[in-house]
Protein chains: 10
Amino acid sequence: MNPIMSRSEAADLVVAARTRLGLSWSEIAEEVGAPLVWTTAALLGQHPMTAEQAERACRLLTLDESVAESLQRQPARGPDPALAADPTIYRFTEALAVYGPALKELIHEEFGDGIMSAINFRVGFSRVPDPEGDRVVVTFDGKFLDYRW
Amino acid sequence: MNPIMSRSEAADLVVAARTRLGLSWSEIAEEVGAPLVWTTAALLGQHPMTAEQAERACRLLTLDESVAESLQRQPARGPDPALAADPTIYRFTEALAVYGPALKELIHEEFGDGIMSAINFRVGFSRVPDPEGDRVVVTFDGKFLDYRW
Amino acid sequence: MNPIMSRSEAADLVVAARTRLGLSWSEIAEEVGAPLVWTTAALLGQHPMTAEQAERACRLLTLDESVAESLQRQPARGPDPALAADPTIYRFTEALAVYGPALKELIHEEFGDGIMSAINFRVGFSRVPDPEGDRVVVTFDGKFLDYRW
Amino acid sequence: MNPIMSRSEAADLVVAARTRLGLSWSEIAEEVGAPLVWTTAALLGQHPMTAEQAERACRLLTLDESVAESLQRQPARGPDPALAADPTIYRFTEALAVYGPALKELIHEEFGDGIMSAINFRVGFSRVPDPEGDRVVVTFDGKFLDYRW
Amino acid sequence: MNPIMSRSEAADLVVAARTRLGLSWSEIAEEVGAPLVWTTAALLGQHPMTAEQAERACRLLTLDESVAESLQRQPARGPDPALAADPTIYRFTEALAVYGPALKELIHEEFGDGIMSAINFRVGFSRVPDPEGDRVVVTFDGKFLDYRW
Amino acid sequence: MNPIMSRSEAADLVVAARTRLGLSWSEIAEEVGAPLVWTTAALLGQHPMTAEQAERACRLLTLDESVAESLQRQPARGPDPALAADPTIYRFTEALAVYGPALKELIHEEFGDGIMSAINFRVGFSRVPDPEGDRVVVTFDGKFLDYRW
Amino acid sequence: MNPIMSRSEAADLVVAARTRLGLSWSEIAEEVGAPLVWTTAALLGQHPMTAEQAERACRLLTLDESVAESLQRQPARGPDPALAADPTIYRFTEALAVYGPALKELIHEEFGDGIMSAINFRVGFSRVPDPEGDRVVVTFDGKFLDYRW
Amino acid sequence: MNPIMSRSEAADLVVAARTRLGLSWSEIAEEVGAPLVWTTAALLGQHPMTAEQAERACRLLTLDESVAESLQRQPARGPDPALAADPTIYRFTEALAVYGPALKELIHEEFGDGIMSAINFRVGFSRVPDPEGDRVVVTFDGKFLDYRW
Amino acid sequence: MNPIMSRSEAADLVVAARTRLGLSWSEIAEEVGAPLVWTTAALLGQHPMTAEQAERACRLLTLDESVAESLQRQPARGPDPALAADPTIYRFTEALAVYGPALKELIHEEFGDGIMSAINFRVGFSRVPDPEGDRVVVTFDGKFLDYRW
Amino acid sequence: MNPIMSRSEAADLVVAARTRLGLSWSEIAEEVGAPLVWTTAALLGQHPMTAEQAERACRLLTLDESVAESLQRQPARGPDPALAADPTIYRFTEALAVYGPALKELIHEEFGDGIMSAINFRVGFSRVPDPEGDRVVVTFDGKFLDYRW
């Protein structure tokens, strides 16, 4: 009568296996057949996987059925308090503090009253070579939703 | 012996003038000669402008010298508490909660130990037509900085 | 060079005029030509009105042009801290604490992974007679949005 | 001399069993003989069940007596911090921020000084088909209580 | 086009007038024709008064019509942050920390699952002589409400 | 070299035994020879018991010596965060928000500058029959202490 | 119909006058006829003064009647958030963090279950010469109060 | 490869042994050869002990070498959140809220700009007999440190 | 009977005058005859100045006597909430999060149990040329204080 | 299928081994071949080590492979809540509160709009003899980064 494995326990096992086996997130995403950022987020516990996705990931990572079951569970999404001040993540938070009000102005000017959906939404990640130092380029791409009664 | 006008008072005057005159942020950015998101953020109080930028903006917006002086002041950057729960901005915060840990994993895998700079950094904003509803596309583009002693 | 009137100053003037003139929110909504809860929320500062809506409301409430201009401004939406513990509002918060996790389970079971939109969304309010005491009935009605890349 | 199983441990076992057995919340509610949202909330730990309700639920879910005992315990109700930022639940919180003050105005106008009870209270959940996308409809229905000395 | 006087401004004027005129809260309550604690709370901004109550209070306190109007407004109830650590009030908070869980146990044992209403509710205040030092006796008296669907 | 059992572990065992044996808090208080609310609070971990009180309680509840020892320990008193939003307890918190400032005014008017002691203090609990629904009546009764140098 | 001057406005005027006139807190306390720390705390807004004390203080400080009236008002006591991190005050907070649990153990061992009163309480302040640097000596002296029903 | 015992685990074992053996904090302090409050604080985890002090304490309390090693570790000092609202400790916090600003004024008047050290610092504890009830007297005695570049 | 000008109002006037007159902080420090970082901090409201220092600063900045008086007042020191997330200051906070525990270890290893004084303390600031980009070098230099009873 | 050892478990084992073996942080840093503060921070869990660094450290400290693996993991950096009020670390926080705004002014005056990098950054630690008491000298040395689009 054991409860199923938690999403964060599954994520720890995924990260440990990935390191041990020397697999990249891209290789896992390719095996899973889903976009890179989506797959990484799902394996870290932010999206439920289909049975097939979970089994493909676990086979590649040599993890057992209890992990595959966990990966299919509907997660409680949200920020990880242990990462709130991590510098790699904090720089995004800081950018949002500095540019968020400008983005709000521009969204309303261009689209009217509404939001960029965070559900009908995708995130891109890429490395862009630059002679002064390569760049991290992250794209937030969401459907505009207008306030509509 | 009056203190100079605060950055947020200047921002309120800019927003009011823009609405009254029916000017778009793009028209202002073009006049200022700087990128769209940067100009919007600067006028909202997140970047100091050069004397020339401030004067060009104020001339277009028919604002006086005290505003132009204020726009050149070094700001105290940071989040606006009154906007923390605004849905248009909150969706970015939520996206960061869901995808931030994945971005951290991908940055470290691709670049090693370090961060995407939020200083040597630019933000793009565009509207992408889509038959299922046009999309808001925002690009964060920062130089990778590695931990280096 | 005055900044335009803030949304909360406009809301205070609306509430004062409504009381002074003995107008109901329904009468105002009818004049504005919009749903009851939407109109009330808009006049309290949570939605921008069109020029026509704002002018109709201000004519009825005998408020001047500066209020009408303010009502058309894009607001910064969010909770009012002064109302967080108000018992009339707190009971909704409490109901959400008690029934929120159940609603999440039921949404995912019925619709799959996604959310009830709070943007493509409407709220109904009615009084339902009941011999043991009339009832407040509030309906939240939002489009289901699935997580979709 | 073991203490009885906690309500949240029981909830985890219920959720795990439900998934394993492929039972819907409606099927469980029918077996328990109680409304859908009430039953779901009770099994997640927000209401005590009668002995009969608990035993029926546990028989269906093939859970043992210690779970049935736990489900009868008086719970400490309240929000689950792990769900505060979950998007599915947060949209309700956001709707309350945007429309809560309007609901307060309308309750006082219609009923006088008082509240919608969250105790003499029921919640409805339904899926409403819509050609532009089906809708989540949640009804909060509570007895009006007036401030009365 | 002035907004009406806030409830807390009215409360300040009441307290100042009461002190200046040397009136006791009991004398004011008698004039208003309402219970002592209710009247004190109402004049401090926690209950709306009827027109007659407000006018009687203002006549006695020699306050003008703008105060009387304010006292009839529906308040936003809630704690006053400036009093959170005031020792006179904090002792009640402390008593609740120490005895609250016991009261919850006793309410559930005696009445079943439910609450003491804070709306259908009255508060008594009295001084009880005692040779070892007179005692403050405060009575909370609320209707029991059971969780009822 | 085991540390003694914590007060909250002892409280859990007391609650479990009370339920299993079908004993009321009154029966336990009678056996302990102490007031009802005091005994309930003490067994929940908010007062140290004498050796005799602890042994009587444990004999009745068929709990062993390690519980009796724990019940004699000096506790760290304070609020239980897991109960802060529990509706049964929250209604007391809300009543304090609404009536606390009035009680402060009345204490100072009647007694002068000082407080109701929460140490030389007792709490009464009773059920008062009422044709419109029985009432929970809780009495806070503390010695007045004046600020005295 | 002005409200009376706030306690903190009165405190600011006292501090300004004291500096302007070059008076020490001891000289003021002597004139008021009350202990040094009590008088300083009272003038800073933490104790109400008698009419005579307030008038003596105001005559010495050449402050007018509105200040004297304010000093007699019952204050809302509590910490000043602007001083929470002030190093001179923070060192006391830190000492309490380090030695508070030890003081609790010693109070209970010596006196039994109870507290040091902060109401029947006095504070001493003195400078003690020391060849290695003079010392600040502050004495907290409160009546022991035992938990007594 | 076990990590050494934590300071708080050692403190729990000390408190349990002290109670079991019926030893007073004074007897332990005498054996350790250090002041009463210092010794109590050290054994509760706020100061590192020398090897000799730790061994003497452990021999008296019949605790083994792992406790003695732990007592020598450099602690992370700070407040115990579980004690923040404990009434015995809270009264000191309250006294600091009421008298802290006065102490700051008096320190600066007497000594100039600087602080009472909390490092070159000692705390005294004593019981002072008083016909109206014995008193807890606690002395904070720290070297004055002036701001000095 | 005006209260003297607040320290933060004085700071605003200093900053405005400095900008208007094109004076550097070094030039002001030289005129004041005090170290650069100390002088900047003092003028921003974190240290009291002597009468001579304040007058020299105000003469150079063409500010009047009320500013000079304010600069001599004992400040309430502490962090400015408006700067908590400012990137220029936040980088120091982040560095402390990453390296603070290491500095604690090294201080205790090198000096024993104690602290770096923040009172007998000075801060250096300099620009160090570097071919890969000039560097900001900030030195914290405080007397070691050992825990000493 | 064990997850790898957490960074904080590894840190505890490092600290325990260092104490047991009597090794200084300098000796460990020398063996690792990296700067003192960097090595200490890395072993406490704030930097990933290379395989060679981790193995050298573990060999010296006689710790096994699981620790060496953990030390190579990418950490989640951030403050340790248990150390927030530790006096040794708090003095740095306090210094930042007092001198942070001055450092911001000086950085902008000297370098323009930008920050001291906390990534391209090093920290120095040294003991400086002084007849009035030796001094702790900590140097923060980071590359200046200007806001650059």
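Values quoted throughout were computed directly from the atomic coordinates according to the rules given, and no laboratory measurement underlies them. The model shown is predicted, which means the values in this text are computed figures rather than measured ones. Positions of Cβ are backbone-derived with ideal geometry, glycine not excepted, and every protein chain shown enters the neighbour counts.
Per residue of B:69-78, other chain Cβ atoms within 10 Å of the residue Cβ number 6 on average. Distance distribution note for the stretch C:7-71: the fraction of Cα pairs above 20 angstrom is 8%.
A simple charge model with +1 on the Cβ of Lys and Arg, -1 on the Cβ of Asp and Glu and nothing else charged puts the dipole of the stretch I:84-146 at about 260 debye relative to its Cα centre.
Assuming charge only on the beta carbon of Lys and Arg (+1) and of Asp and Glu (-1), the dipole of chain G about its Cα centre is about 200 debye to the nearest 20.
Taking a point 7 Å from the Cα of J:ASP12 along the Cα-to-Cβ direction, the residues of the stretch J:41-72 with backbone N closer than 18 Å to it are J:43-46, J:63-71.
Of all chain C C-beta atoms, the nearest to the rotation axis linking C with I is recorded, alongside its rounded Å distance, as C:PRO81, 8.
Multiplying each eigenvalue of the alpha-carbon gyration tensor of chain A by 5 and taking the square root yields semi-axes of 32, 20, 15 Å, largest first, rounded to whole angstroms. All Cα-Cα distances of the stretch A:82-146, cut into 10 Å bins from zero to the largest, leave 18, 38, 35, 9, 0 percent in each bin in turn. Distance between the pseudo-spin-label points of H:SER24 and J:GLU109 (7 Å out from Cα toward the beta carbon): 6.1 nm.
Taken about its Cα centre, the protein assembly as shown carries a charge dipole of roughly 0 debye when the Cβ of each Lys and Arg holds +1 and the Cβ of each Asp and Glu holds -1.
Of the peptides I:133-139, G:9-15, the order by per-residue mean of other Cβ atoms within 10 Å, starting with the highest, comes out as G:9-15, I:133-139. Across the stretch J:1-103, the mean sequence separation of Cα contacts (distance under 8 Å, 6 or more residues apart), normalised by length, yields a relative contact order of 29 percent. Convex hull volume of the C-alpha atoms in the protein assembly as shown, normalised per residue: 190 Å³. In a DSSP loop and with at most 10 other Cβ atoms within 10 Å, there are no chymotrypsin sites (Phe, Trp or Tyr not before Pro) in the stretch B:25-121.
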